[in-house]
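Participant: I'd like to ask you about the structure that follows.
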Amino acid sequence: QVQLVESGGGLVQPGGSLRLSCVASGSFLSINAMGWYRQAPGKQRDLVASITGGGTATYVDSVKGRFTISRDNAKNTVYLQMNNLIPEDTAVYYCSANIRPDWRRGVQSYWGKGTLVTVGS
């Protein structure tokens, strides 16, 4: 059973920083792309940043220059370093990964349960 577990959310003042982590656990063959999404109250879930297995990162325009996505393949972990946070970054942040669970099945998308980030005083 593949699981993704996020951590690192919390309350931070505007201009502050947080680092989110997401660990993939369980039995699987490989992890391809990984990404971070966020969902603000009353809004849809949107992609924030993604990173390929080779380390190529992409970002939504609103976080470019402030957020950095990275991964440690040896630890099956993806990170999101968030700097210069603004109130508009307040949301539940979800980790997603494209994982091949076994030889019988192809790549599937897995999701974590989310971690809340609140930017305010």
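The numbers here are math on the coordinates, done by the rules we state, and not lab data. For clarity, every value in this text was computed on a predicted model and none was experimentally measured. Backbone-built Cβ (ideal geometry, glycine too); neighbour counts: all protein chains shown.
Participant: Just to verify a result, which residue in the range 41-54, among those that are part of a loop (DSSP other than H, G, I, E, B) and in contact with a strand residue (DSSP E or B) (Cβ under 7 Å, 6 or more places away or on another chain), is farthest from ASN84 (Cα to Cα)?
Facilitator: Per the stated criteria, the residue is GLY53.
Participant: Can you tell me which residues in the range 1-31 are assigned to a loop (DSSP other than H, G, I, E, B) and farther than 18 Å from GLN108 by Cβ?
Facilitator: First pass over the range 1-31, keeping only residues assigned to a loop (DSSP other than H, G, I, E, B): 1-2, 8-9, 13-17, 26-29.
Hits for the range 1-31 are GLY8, GLY9, GLN13, PRO14, GLY15, GLY16, SER17.
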